[in-house]
Amino acid sequence: MAQPKASVITDKMRAEIGVESEPVTFEVDNTACRMFARAVGYTDPIYFDEQYAKSKGYRGIPAPVGFLGHVVYNPNEPQRLGGYVRTDTPFKRLLNGGTDIEYFESVCAGDVLTATSKLIDLSEREGRLGPMLVTVTESTYRNQDGKLVARARGTGIQY
Amino acid sequence: MTLNVGAELTPVVVELTQDKIDRYALAGGDGNPLHTDPEFAAKTQFGGTIAHGMLILAYLSEMMTAAFGRAWLSGGRLKVRFKAPARPGDTVSAVGHVVRAEGGRAVCAVECRNQRDEVLVSGEAEVAT
């Protein structure tokens with residue numbers, strides 16, 4: 001019988017499950033919403049024309065689904081990596097395995113979101129790509145009024 | 001939007017190009033060279049660049065926005081698995097149909113397929129009706 005392979009999941013990694021990160025600020029502005037909408041080929045004027053978006057009942061240009069603003073960059077602070085990129089594993093490559101994103105309120109240009117993330121699951125699998133570490137991370141986004149606006153769960157595959 | 005179970009959503013069909021992938025990398029802030037550097041990507045097991053999963057997901061969201069409008073943008077849920085890579089030159093079709101409609105919510109089975117009918121992304125989209 002083959003010996004089971006040594007796990008790459010350490011006790012230290014397991015101890016991180018459920019621990020909330022420090023909050024990160026995301027700004028949502030007209031330019032970034034338009035840029036994202038252009039990049040994915042959207043032509044709906046709600047993403048480009050603020051007055052039109054308001055006439056359709058939005059507070060401003062809505063952020064396309066999947067875009068929750070950009071992290072405010074500060075060269076004097078350490079760069080924050082995405083929640084699911086682990087550098088303490090033997091794996092050097094990363095793929096997006098899946099996404100579960102849920103909206104509770106619209107997100108519009110002008111909003112300032114605060115997000116915290118936590119690791120919710122770690123597992124190992126043997127797949128087409130060889131041994132893989134599968135991480136599930138959950139990020140929760142609140143707006144400037146403290147309202148929960150979105151929750152996103154991402155499955156990262158490191159291999 | 002007809003919410004009868006089985007009702008088909010109007011598909012979104014996109015010709016994927018490297019230029020579109022590059023623009024997404026800039027807008028989404030994801031600079032992984034697997035998406036943008038053909039020379040690097042050629043040496044990986046993918047043999048060439050592949051689109052960001054989130055770019056393909058955007059086509060599903062476009063289909064849902066066209067069908068459900070604000071209800072989608074302010075209270076939708078999209079839960080998908082990425083099954084296979086999408087490459088420049090592929091024709092990506094986002095398709096879906098209503099599988100359940102009850103209690104003020106509709107659940108749609110959604111998929112993106114390429115020109116060879118291979119499933120790239122599959123999952124569920126849920127929205128208030």
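The values are calculated or read from the model by the stated rules, or taken from the named source; none is laboratory data. No experiment lies behind these values; they were computed from the predicted model shown. Positions of Cβ are generated from backbone atoms using ideal geometry, with glycine treated the same way; all protein chains shown enter the neighbour counts. The accessibility values were calculated without ligands, DNA or RNA, using every heavy atom of the protein model including side chains. Shrake-Rupley method; radii C 1.70, N 1.55, O 1.52, S 1.80 Å.
Evaluated against (1) more than 9 Å from chain B (Cβ to nearest Cβ); (2) closer than 26 Å to B:Val14 by Cα; (3) out of contact with any strand residue (DSSP E or B) (no Cβ under 6 Å at 6 or more places or on another chain), A:Lys12 falls short on exactly one condition, (2). Tell me which residues, restricted to the stretch B:1-25, are more than 21 Å from B:Val92 (Cα to Cα) and either open to solvent by 60 Å² or more (accessible area, probe 1.4 Å) or in contact with a Leu (Cβ under 9 Å, 6 or more places away or on another chain) (or both). Matches in the stretch B:1-25: B:Met1, B:Thr2, B:Asn4, B:Val5.
Of all the residues in the stretch B:3-17, those that are closer than 25 Å to B:Trp72 by Cα, in a loop (DSSP other than H, G, I, E, B) and β-branched (Val, Ile, Thr) number 2. Of the residues making up the stretch A:6-56, just one is touching a Pro at 6+ places or on another chain (Cβ under 7 Å) and surrounded by fewer than 16 Cβ atoms within 10 Å (Cβ to Cβ), namely A:Tyr52.
When the stretch A:15-60 is examined, which residues are found to be at the interface with chain B (Cβ under 10 Å from one of its Cβ atoms), of a type outside the set (S, T, N, Q) and not in a helix (DSSP H, G or I)? The answer is A:Val40, A:Gly41, A:Tyr42, A:Asp44, A:Lys56, A:Gly57, A:Tyr58.
Does any residue of the stretch A:71-94 turn out to be of a type in the set (Val, Ile, Thr) and within 12 Å of chain B (Cβ to nearest Cβ)? Yes, there is a match, as at least one residue in the stretch A:71-94 is of a type in the set (Val, Ile, Thr) and within 12 Å of chain B (Cβ to nearest Cβ). Does B:Lys20 qualify as being at the interface with chain A (Cβ under 7 Å from one of its Cβ atoms), basic (Lys, Arg) and in a strand (DSSP E or B)? Answer is no for this residue. Each residue in the stretch B:78-109 was checked for being surrounded by fewer than 20 Cβ atoms within 10 Å (Cβ to Cβ) and either within 7 Å of chain A (Cβ to nearest Cβ) or in a strand (DSSP E or B) (or both), and 13 pass. Would you be able to say whether some residue in the stretch B:47-55 is in a loop (DSSP other than H, G, I, E, B), open to solvent by less than 30 Å² (accessible area, probe 1.4 Å) and facing another protein chain (nearest Cβ under 7 Å)? No, every residue in the stretch B:47-55 fails to be in a loop (DSSP other than H, G, I, E, B), open to solvent by less than 30 Å² (accessible area, probe 1.4 Å) and facing another protein chain (nearest Cβ under 7 Å).
Of all positions in the stretch A:72-95, at least one carries a residue that is β-branched (Val, Ile, Thr) and in contact with a helix residue (DSSP H, G or I) (Cβ under 9 Å, 6 or more places away or on another chain).
Only a single item in (1) open to solvent by less than 60 Å² (accessible area, probe 1.4 Å); (2) assigned to a loop (DSSP other than H, G, I, E, B) is not met by A:Glu77, and it is number (1).
When A:Pro64 is tested against (1) part of a strand (DSSP E or B); (2) under 15 Å from the mean Cα position of the chain (by Cα), just one condition goes unmet, and that condition is (1). Could you look through the stretch A:132-159, keep only residues that are away from chain B (no Cβ under 14 Å) and more than 22 Å from B:Leu78 (Cβ to Cβ), and pick out the one that is surrounded by the most Cβ atoms within 10 Å (Cβ to Cβ)? Once the filter is applied, the top-ranked residue is A:Leu133.
All conditions in (1) in contact with a Pro (Cβ under 9 Å, 6 or more places away or on another chain); (2) of a type outside the set (D, E, K, R); (3) open to solvent by 20 Å² or more (accessible area, probe 1.4 Å) hold for B:Thr129, with the sole exception of (1). Scanning the stretch A:100-130 for residues that are within 14 Å of chain B (Cβ to nearest Cβ), part of a strand (DSSP E or B) and either farther than 30 Å from A:Lys54 by Cβ or open to solvent by 30 Å² or more (accessible area, probe 1.4 Å) (or both) gives A:Asp100, A:Glu102, A:Arg125, A:Gly127, A:Gly130. Quick check on the stretch B:30-38. Is at least one of its residues open to solvent by 60 Å² or more (accessible area, probe 1.4 Å), in a helix (DSSP H, G or I) and either modelled with pLDDT of 90 or more or in contact with a strand residue (DSSP E or B) (Cβ under 9 Å, 6 or more places away or on another chain) (or both)? Yes: the stretch B:30-38 contains one or more residues that are open to solvent by 60 Å² or more (accessible area, probe 1.4 Å), in a helix (DSSP H, G or I) and either modelled with pLDDT of 90 or more or in contact with a strand residue (DSSP E or B) (Cβ under 9 Å, 6 or more places away or on another chain) (or both).
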